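Bear in mind that the values in this text are calculations on the coordinates, not laboratory data. Owing to the predicted nature of the structure, the values given are computational and were not obtained by experimental measurement. Note: ideal-geometry Cβ built from the backbone for every residue, glycine included; neighbour counts use all protein chains shown.
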Amino acid sequence: MYAILSDRGRQYRVTEGALLLVDRMPGQKGAAVAFEQVLLVGQDGGQVKVGAPHVAGARVTGVLEEHIKGAKLIAHHRVWTNSLGRRRGHRTAYTVVRIQKIEA
């Protein structure tokens, strides 16, 4: 069974037992997480339920595994006429969620 869910403007395709990398969300390790905005629920080789916009009564639950940071991104700005340069780094914060159950 698989589902397509929406979380804070992004869509993810998930299956039971899979790890999901989402933008950082509040909570401690081991906390329960529920996603209510399920757009599609399907079974492998079976029937598919498509929501308009969401599937009624569908829910995806999981457990918060850990908080991590993504790869470092470097932004470099250079103004040649003034010999001016600015270099900035950024690492996006993510939360890893293990999907436990897809309820349709």
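Write down, largest first, the equivalent ellipsoid semi-axes of segment 64-104 in whole Å, where each equals the square root of 5 times an eigenvalue of the alpha-carbon gyration tensor. Kindly include the intermediate steps, with their values, before the conclusion.
On the way: eigenvalues 339, 19, 4 Å².
Semi-axes from the Cα gyration tensor: 41, 10, 4 Å.
Where in the chain lies the longest segment free of trypsin sites (Lys or Arg not before Pro) that are both loop residues by DSSP (not H, G, I, E, B) and have at most 16 other Cβ atoms within 10 Å? Numbers along the way, then the final one.
Details: sites that count: ARG8, ARG24, LYS29, LYS72, ARG91.
Between the exposed loop sites, the longest stretch runs 30-71.
Say the dipole of segment 2-103 comes from +1 at the beta carbon of Lys and Arg and -1 at that of Asp and Glu; which of ALA52, VAL79, GLY17 then lies farthest toward its positive end?
VAL79
Under 20 °C and 1.002 mPa s, how fast does segment 2-103 diffuse according to Stokes-Einstein, given a Kirkwood radius computed over C-alpha pairs? Answer in µm²/s, whole number. Walk me through the numbers before you get to the answer.
On the way: Rh = 15.8 Å.
Using the Kirkwood radius from Cα pairs, D works out to 136 µm²/s.
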